[in-house]
Structure formats: structure tokens, C-alpha cells
């Protein structure tokens, strides 16, 4: 007990240098935990982007390219799927639902997606969560738009606002469809997926803004789902759900061998996994960096402890003179480094939560990573345990020196 | 209490001549001995041998009838903690402890001394306060930072630390060198009082020969070695 008291009082007496060491450890713990949390949550946000969809079908291209363009709105496909093929395939036995999507237009840099009402009914993200409305409802007319939560927040749009859609992607589009303004009728709840950054319009509207000739004035007021679909020639891709997983493989094979048109069907869960594996190197580099930070901070602690130890030879000799054994001085120094380490980890955890709390909103809006501010996971606790253990082992170096100092210095306090 | 016979000590085994050679020295229980000699006469070496920091190269050195050379390092550490109180020239108080805590530290590493205190009073702190009062440090200084105390006050704390737990042997290594003549004498009288109270043997080392008359016995280290 006396050793704990001495360690505590001695640390308090050297609070400036101890505080610096403690902060170094705290910052490294914070960085390690933050990188780990962002990594796990990015992975989870990534795989949560789409769920419950058995197949995504598009023009024949690469698996990942189709996934990126249809789900993440990254890049675009060179070709589309003809409406006839879509209708033929979706009429096959076992098809429970299908969602046609048409991409390629934008509004102030945000993707515009043409689809049907089935999108709001069947699209699932995260753990099979359906889309929900924050305000308003789904479009019921050709010139209505449902916007994602990020679009509403970023562009400060409200229900009833009128917007103009540009042709092509990006912020600077030269061709605005000024003659076809859209009225915001619904704002979706945040999903942490690209849906938040998307404007959803009826499939027929895509045709309309590109000057499709099959639309007449009456369609504006025709609320039937047929009017919302219009007469598209081509769509970018479509999502499918089946009655049974058995159909998935069978229909996937049929689509990939479909003779009328070169099509590609992918299973999103499989392709998502493949894509994440490609990104694994970044994940590893991030982890490596954070471990390097931890090692540097532990070496910093070692340097401070060793530098202090030389100044503390007199203190150790005094303790020897009042009866402390060399092993007790060894324990004293070990307890000090353990305490510093423990407090460093504790402060590090606090800083980690403070950082996550303040940046969660930013990460959600800028990177689409939904940060889960929850208790430390088993893995994160293990990481802290490893840091504590490493700190303790490093603390044994000055402790061993203290042991030998105390033997050689003995009670010669005139050091 | 202390018995040295044909003791010699060399810092290095291959050294030509020993640093310290004492043919015979006996100090009885309860004696207050003044040990003096010029710098380099081997005072600190003798104290290190008495405290069991170093062991004799040859001969026999017994403290409390225990031959210190026959003990292991750990046993000598335990022996020192249990039986010897040490007062240093430079006080050597821990700056981050209060006077009371510094005094208690004197028996924190010895169960025997702790038990001795607890047989007489309720707590170590009570005994530490009693000793500080007895040595002339007023209660309002007891919980102050030791660094704010005067030299004389710090020396009293150092003495109380040596006395706590009533060790059989008190070694004082030039404890009055920083005090003026008046304070020196009154401090030595307080030391005597305390040593008498617990029947401790006091070995007081100094090169200041003006202190000689205060002690019942004086040992000149130069003469002691010259006898050899």
C-alpha cells in the first residue's frame, strides 16, 4: 500500500512531465481507437448500403463497376438495359419484386435517380431496414421529387420547393432542364447510404427531361403507376428480390447467358465483400499507422521515465535508507509507469468519445460513414489491454535500472 | 551492541592497501558515541559497514550480536530496516511528503518497527506527531510541505524519522553540519533525550571536534586505525 501511496505522491510531485507523458499516451490511444472505430463503422456503413436485394442486373460490364454505379452512384455504366429485357426478366417465376433505376442526371452535384414506387416499398439498407419519410410522401406525379436527407440538409430544401435537374453528372452541367422543374414532395430519413445524397424522380420524368415524346399533358395529373413509369426505352439497371434463394442462382445464370442482350447479374452481398477486400490494404495501412503512433508514444514514455530516473537516484537512495528493498523500488517504478499508462488510456478513451461525438455528423455528411457512439467493443478493449501490457513491459526497463541503481548507490545519498 | 574485530575493508579486492582497518572496537548498548576524524579518514566507510551497506573484506563485524558478513544482501536490508535508524547530513526528506509522512516512512518498510509503534500507540501518525513535538517541531508544521521548513526544522523531521519504531541503533552522519553552534547543541541534547528514552545506542559522526564534550565517549578514527 505504501508503494502505491509513494508512487501517487511522486507522480503528483512531477506532474508536468507526467502530464506530458500521459497526454502522449492518451493521444495515441485516442488515435488508435478512432481509426479502429471509423474502420469498423466504415465497413459496416459500406455493407449496410444495400440489403435484401438478391440480384442487381445491368449491361454487361465488371461486377464492381455495376455495383459502384448502381448502388454507390460512383462512375457510370456505358450501356443500359432495354425495357423489354427488364420486363421479360422480371416476369420470370420466383421474382418477388423488382426496382428499375435510371441514373445519369444530377442536381447541383447530387445524383438523380429515376425509379418507380417499388423503390420506396422494397429497397432495404442496413439490417433490412426500409426507407422512411422524414416529411411528405413518395411522388405521385411525374414532376415530383423525393430527396434524400443529406440533399435536404445541404441544399436547404423543404417540401414544396421547386428544383431544376441537369443532364449529366457533376456540379457544372451545361444543359439544364429548365422547362421541367420538379416539386419536392418528400424528404427521406437519414440512412447513412448514398440514398441520402440522391434525388428520386419517377422513371417517366427521366424520359421527360430528355425530351421523350411519349408524354402528354395529361400525364402530369395521371396518378397511376403506369404514368409514373412512362414508356422508357432503356434503364441503367434494376434490383431484384426473389421468393426463395434458390431462384437467385438460377435466374442469375439465365441472365448471364441471356442471348437477346449482353447483361450481367450480380449478387450485391458477394460483390460488396469483394470490393471491401480490395480496400483492405487501406484498412491495414491505417491500422499500421495507429500502431506506429502507439509505439512512438510508448518510447516517449520510456525516454521520460529514464530521464527522470537519473534525477531520482537520490530519492531512491533515501527510500533505501529507510528500509526499502531493491525489489520494492523496482515495484515502485513499475507501479508509476502502470498508473501513468492506465490514466493515459483513460484520458485517451475520453478524448476518443469527445472526438467521435464532435465528428460523427461530419463523417456522416462528408464520408457517408455512420459512426456508432457505443461502448468499447471487445476488440477495442483488447487493443487498450495490449497498450497497457506494452506500457507495463516498457516500464520494466526503468524499474530494472532502479533496482540496480539502488544496489550500487545503496545509502550513499550524496549522489 | 557493536563489536568489530580485525576488520579491514577494501573497495576493490586488488587494492594494495585497505581503506579501513580496525583491530578492535566495541560499543555497548545505550552508549552515545562521538566518532570523529578528518575527511578521508574512513568515517563514511565505517558507517556503511555498520549499516550493512558494505561487508568487511576480512574480520568480524557484529551488530546486536549478529555477524553482518554472514547475512545475505536481502537479510542485511531487512536487518537495517528493523534495527537501524539513520540521520543524514543533508536531511534527505522526500519533498513530496509532509513531515508526518516522512517520519512514518521510517517504519513503513519494517513490520517489527511498525509493530513496536502500534504496541505503544494507536497509529503511526500519532507516534510521528509525538516524536516531532518532542524534537521541537510545532504541530502546525506537521502537515506542511517539507520544502517550506527551515534547515533546523527539516533536521528535526529527519531525526524523528530515525527514531520512530525505536530502533536499537541510531547512526547520525554529520547531522549538525548545517546548524549554528547554539542550535547544534540543543539539537544534540534532543537527540540524547530521545535515544535515552528508547535506550538506543547513538553513533554520532562528525569532523567538528567542538562537539566532543557533549558525548560520554569519543572515538578518533585516525587514532583507532593508527593502533593497528
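Values for this structure:
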| quantity | calculated |
| --- | --- |
| Model label zone, residue B:5; criterion: amide N under 12 Å from point 7 Å along Cα-to-beta-carbon; scope the stretch B:65-93 | B:67 |
| Computed over chain A: relative contact order in percent, which uses C-alpha pairs under 8 Å that are six or more apart | 27 percent |
| Test item: B:43-49 mean partner chain Cβ contacts at 10 Å | 1 |
| Anisotropy class of the stretch A:81-128 from Cα gyration tensor, a/c 1.5 cut | oblate |
| Sequence ranges B:72-83, A:140-151, ranked by mean other-Cβ count within 10 angstrom, highest first | A:140-151, B:72-83 |
| Residues of the stretch A:370-403 with amide N under 14 Å of the 7 Å Cα→Cβ point at residue A:282 | A:370 |
| Angle between chain B longest axis and helix B:99-108 axis [Cα atoms, degrees, rounded to 10] | 50 degrees |
| Antiparallel bridge percentage (DSSP; both residues within the protein assembly as shown; nearest 5) | 65 percent |
| C-alpha center-to-center spacing [the stretch A:73-144, the stretch B:74-110] in angstrom | 81 Å |
| Whether the stretch A:290-403 is rounded, prolate or oblate, judged on the alpha carbon gyration tensor where a/c under 1.5 counts as rounded | prolate |
| Cα-based helix-to-principal-axis angle, B:73-83 vs chain B, degrees rounded to 10 | 50 degrees |
| Over chain B: helical MRE at 222 nm, DSSP H runs n ≥ 4 each giving -39500 (n - 2.57), nearest 500 | -11500 deg cm²/dmol |
| Along principal axes, Cα extents of chain A, largest first, whole Å | 103, 45, 34 |
| Relative contact order %, the stretch B:97-214, counting alpha carbon pairs below 8 Å whose residues are six or more apart | 29 percent |
| Shielding by partners, peptide A:260-270 (average Cβ within 10 angstrom, other chains) | 0 |
| Nearest-0.05 FRET efficiency for residue A:43 and residue A:346, computed from C-beta distance (R0 35 Å) | 0.80 |
| Normalised contact order of chain B, rounded percent, pairs of Cα under 8 Å and 6 or more residues apart | 30 percent |
| Per principal axis, descending, Cα span of the stretch A:92-161 in whole Å | 44, 26, 22 |
| Number of partner chain Cβ atoms within 10 Å, mean per residue of B:157-168 | 1 |
| Efficiency of FRET between residue B:148 and residue B:123 - r from beta-carbon atoms, R0 30 angstrom, step 0.05 | 0.75 |
| Order by protection proxy (mean Cβ within 10 Å, highest first), peptides B:10-16, A:92-98, B:202-208 | B:202-208, A:92-98, B:10-16 |
| Chain A, helix-only ellipticity at 222 nm - DSSP H runs n ≥ 4, -39,500 (n - 2.57), divided by all residues, nearest 500 | -18000 deg cm²/dmol |
| On Cα atoms only, tilt of A:2-13 relative to the major axis of chain A in degrees | 70 degrees |
| Distance in nm between pseudo-label sites at residue A:2 and residue A:79 (7 Å out along the Cβ direction from Cα) | 8.7 nm |
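We did not get these values from a lab; they are worked out from the coordinates using the rules stated. Bear in mind that the values here come from a model prediction, so they are computed numbers and not experimental data. Positions of Cβ are generated from backbone atoms using ideal geometry, with glycine treated the same way; all protein chains shown enter the neighbour counts.
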